[in-house]
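K.L.:
Here's a structure for you.
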Amino acid sequence: MKAVVIGSGIGGLLTSSFLAKNGYEVTVLEKAPYTGGRFTNLDYKGFGLSTGAFHMLPHGEDGPLAHLLKLLGAKVTIVNSNPKGMIFYEGETFHYREGWKYLNWRERIKAMKLLADVKRNKLPEGEEAGMSGREWIREKIGNNEFVDLFIKSFLGWADSVLDVPAGELAREIKAALKWGGPGLVKGGCKAVTDELARITEESGGKVLTRKRVVEIDPEAKMVFTSDGDELNYDILVSNVGIKETVELIGKDNFDRDYLKRVDSLRPSEGIKYNVALKGESRIGNTVVFTLDTERINGYNEPSSISPELAREGHTLIMLHHALQSRNVKAEQRRGIEDLYRIFPNLDEEGEILLIQTYLDGNPVNRVASGQSVEDFPIQDVYIVGDAYKPSGGIEVEGIALGVMETLEKLGLGSFEKWYL
Ligand SMILES: Cc1cc2nc3c(=O)[nH]c(=O)nc-3n(C[C@H](O)[C@H](O)[C@H](O)COP(=O)(O)OP(=O)(O)OC[C@H]3O[C@@H](n4cnc5c(N)ncnc54)[C@H](O)[C@@H]3O)c2cc1C
């Protein structure tokens with residue numbers, strides 16, 4: 001059986017690894033000169049920045065991605081964050097558990113009941129599932145400013161949006177209760193995607209860079225590249241997004257209702273600030289959710305477990321916020337003001353290395369969390385990656401859940417216990 005995979009992002013390479021290991025004749029076609037898409041390292045002034053991610057897995061070594069990596073025998077080291085999170089509020093940075101003190105006893109009881117309900121799978125349904133997640137929390141716990149700011153920064157950091165439907169938020173909370181908090185990848189994102197490319201190739205697959213796919217013919221089951229290659233497939237895996245795959249196949253092959261639904265899908269967009277600070281590690285392996293800020297939603301410190309990601313004598317901090325308007329300059333200005341709120345002595349202690357903006361064709365997520373995506377309507381074509389994340393799956397954990405679904409459809413495993 002021949003499988004063609006378009007795109008070598010983490011979604012494409014995870015799938016290609018399983019297909020190759022299961023005897024498929026796999027070819028991965030990647031338009032860029034490098035593999036890994038938005039999940040690989042970017043060397044910059046002696047620092048290991050990244051093309052996208054914060055070198056972090058939302059559920060660390062106990063999440064769905066780590067599970068798939070284990071099944072593949074991937075040699076990747078993931079170190080769970082400890083503490084799972086911290087909070088920056090009223091000028092102080094503290095362990096997330098201390099946040100309970102901002103809830104009165106009535107709110108605490110309601111919050112604990114909500115967490116117990118979510119854990120028992122008592123999730124919002126019907127109209128309630130579609131309401132604003134933040135409003136849902138307000139209805140359940142009360143109008144508590146600290147709680148609302150915490151949910152806002154969690155969503156801004158984890159999903160790069162400032163609200164999601166209640167059904168999605170409840171599943172993300174369930175995922176965190178089930179699989180725990182985040183973890184950093186030793187060596188950064190590249191350690192994962194390079195290993196997946198290696199596994200694909202070691203299992204007989206080909207991973208070709210500088211190969212841009214320009215057309216798919218689903219009748220003839222052929223893929224065409226810009227430099228004239230023609231490949232036929234039994235199954236086609238697309239890691240380039242739903243809209244983009246529809247374009248490659250041609251809109252004429254889809255009914256109007258489907259095209260309308262595809263058109264309504266929205267990406268999540270955001271800005272990442274890479275900061276170098278002189279001296280030792282500052283916060284260690286954790287995430288700080290920033291509540292007292294205009295824009296920044298959170299930050300981490302990838303060099304805390306991988307010193308090689310920072311230049312000698314420095315540590316690397318990555319901060320992020322969801323885009324709140326299309327005025328990128330103004331967004332960055334406010335983001336930078338926040339950097340000085342968090343690190344008041346930034347000018348003496350370090351520097352802003354690089355600001356990366358993710359929008360339009362290079363977003364944070366091709367389909368923002370909380371939108372439902374149905375099966376792709378063309379036979380033997382499967383979508384993987386961040387355009388196809390089952391509900392509750394945050395970032396690459398959602399990508400892993402989507403890959404699990406694809407593998408199940410192909411009869412290559414059973415992952416029922418992972419679904420939220
Ligand atoms: C600022 C930021 C921070 C993030 N932080 C995290 C984090 O810490 N943890 C986390 O889990 N997630 C994080 N994410 C999200 C995560 O990085 C992405 O969801 C994930 O990397 C997307 O992977 P993918 O496989 O869907 O797509 P991509 O990585 O985009 O891969 C798609 C590939 O397809 C190629 N391609 C496109 N068109 C064609 C074509 N026509 N022919 C051939 N090849 C083509 C592209 O070049 C690309 O390599 C972050 C994202 C951003 C932007």
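K.L.:
Nearest 10 degrees, 0 to 90: what angle lies between the long axis of helix 395-409 and the longest principal axis of the chain (Cα atoms)?
P.N.:
30
K.L.:
Follow-up. Would you please give the residues with an amide H less than 5 Å from that of residue 28, counting only those at least 5 places away or on a separate chain, with H modeled from the backbone geometry?
P.N.:
The answer is 5, 206, 207, 208.
K.L.:
Here is a further query. Quick one: which residues, 5+ away or cross-chain, put their amide H under 5 Å from the amide H of residue 52? H built at 1.01 Å from N.
P.N.:
40
K.L.:
Quantify how much of the Cα-Cα distance distribution of the range 62-198 extends past 20 Å, in percent.
P.N.:
55
K.L.:
Mind computing the radius of gyration and Dmax over the alpha-carbon atoms of the range 270-358? Å is fine for both.
P.N.:
Cα-based Rg and Dmax for the range 270-358 come out at 12.6, 37 Å.
K.L.:
Additional query: At a threshold of 8 angstrom on Cα-Cα distance, excluding pairs fewer than six apart, so keeping six or more, what relative contact order does the chain reach in percent?
P.N.:
24
K.L.:
Order 392-398, 198-204 from most to least packed using the mean count of other Cβ atoms within 10 Å.
P.N.:
Result, highest mean first: 392-398, 198-204.
K.L.:
Let me ask something else. Go through the range 265-275 residue by residue and turn each phi into a ³J(HN,Hα) via Karplus (6.51, -1.76, 1.60, θ = phi - 60°); whole Hz please, and just put x for glycine and proline.
P.N.:
In residue order, the calculated couplings are 5, 10, x, 9, 10, x, 10, 10, 10, 9, 10 Hz.
K.L.:
Using the Cα centre as the reference, give the magnitude of the dipole from point charges on the C-beta atoms of the chain (Lys, Arg: +1; Asp, Glu: -1; all else neutral), rounded to the nearest 20 debye.
P.N.:
Working: 52 positive and 62 negative charges, 172 e Å.
Dipole about the Cα centre, nearest 20: 820 debye.
K.L.:
Next up: Quick check for me: using +1 on Lys/Arg Cβ and -1 on Asp/Glu Cβ, what's the dipole size of the range 323-370 about its Cα centre, in debye to the nearest 20?
P.N.:
Working: 6 positive and 8 negative charges, 85 e Å.
Here the range 323-370 has a charge dipole of around 400 debye.
K.L.:
Another one. Tabulate in residue order the Karplus-calculated ³J(HN,Hα) for the range 29-43, using 6.51 cos²θ - 1.76 cosθ + 1.60 with θ = phi - 60°, rounded to whole Hz; enter x for Gly and Pro.
P.N.:
Residue by residue, the range 29-43 yields 10, 10, 6, 7, x, 9, 9, x, x, 8, 10, 8, 7, 9, 6 Hz.
K.L.:
If you don't mind, there's one more thing I want to ask. Taking the Cα atoms of the chain alone, what are Rg (to one decimal) and Dmax (as a whole number) in Å?
P.N.:
21.3, 68
K.L.:
What relative contact order, as a whole-number percentage, does the range 295-398 give when Cα pairs under 8 Å and 6 or more residues apart are counted? The partial results should precede the final answer.
P.N.:
Working: 84 pairs, mean separation 17.8, N = 104.
Relative contact order comes out at 17 percent.
K.L.:
Continuing with this model, one more query. Could you order peptides 315-321, 160-166 by the average number of other Cβ atoms within 10 Å of their residues, highest first?
P.N.:
Result, highest mean Cβ count within 10 Å first: 315-321, 160-166.
K.L.:
Evaluate Rg over Rh across the range 100-180, taking Cα atoms for both radii and Kirkwood's formula for Rh.
P.N.:
Rg/Rh: 0.93.
K.L.:
Of 232, 254, 93, which is farthest along the charge dipole of the chain in the positive direction, counting Lys and Arg as +1 and Asp and Glu as -1 at C-beta?
P.N.:
Checked the options; the winner is 93.
K.L.:
Would you grab the residues whose amide H sits under 5 Å from the one on residue 314? Only those 5+ places off in sequence or on another chain, please, with H modelled 1.01 Å from N.
P.N.:
The answer is 279.
K.L.:
Same structure again: Karplus couplings for the range 315-331 from phi (6.51 cos²θ - 1.76 cosθ + 1.60, θ = phi - 60°), rounded to Hz, Gly and Pro as x?
P.N.:
10, 10, 10, 10, 10, 8, 8, 5, 6, 9, 7, 7, 7, 4, 4, 5, 4
K.L.:
Which ordering of 153, 16, 81 is given by a fewest-first count of other beta-carbon atoms within 10 Å?
P.N.:
Ordered from fewest to most neighbouring Cβ atoms within 10 Å, 153, 16, 81 come out as 81, 153, 16.
K.L.:
Moving on to the next point. Quick one: which of 178/409; 101/152; 101/417; 140/409 span more than 30 angstrom between C-alpha atoms?
P.N.:
Table pairs above 30 Å Cα-Cα are 101/417; 140/409.
K.L.:
Continuing with the same structure: Where the centroid of each part is defined by its Cα atoms, how far is the range 72-146 from the range 1-31 in Å?
P.N.:
37
K.L.:
When the Cα centres of the range 306-337 and the range 157-222 are compared, how far apart do they sit, in Å?
P.N.:
Their Cα centres are 22 Å away from one another.
K.L.:
Taking square-rooted eigenvalues a ≥ b ≥ c of the alpha carbon gyration tensor, is the range 335-413 rounded, prolate or oblate, where a/c under 1.5 means rounded and, failing that, a/b exceeding b/c means prolate? Display every interim value, and only then the final one.
P.N.:
Details: a/c = 3.60, a/b = 3.00, b/c = 1.20.
Here the range 335-413 falls in the prolate category.
K.L.:
Stretch residue 332-residue 101 to full length: gain in nm at 0.36 nm per residue minus the Cα-Cα span?
P.N.:
Result for the pair: 79.9 nm of gain on full extension.
K.L.:
Relative contact order for the range 100-180: what percent, with Cα pairs under 8 Å and sequence separation of 6 or more?
P.N.:
Over the range 100-180, the number comes to 39 percent.
K.L.:
Could you give the length gained by full extension between residue 31 and residue 90, i.e. 0.36 nm per residue of separation minus their alpha carbon distance, to one decimal place?
P.N.:
16.6 nm
Bear in mind these aren't lab numbers, they're just calculated from the coordinates by the rules spelled out. Source: prediction; values computed, not measured. With ideal geometry, Cβ positions are generated from the backbone for all residues, glycine too; neighbour counts draw on all protein chains shown.
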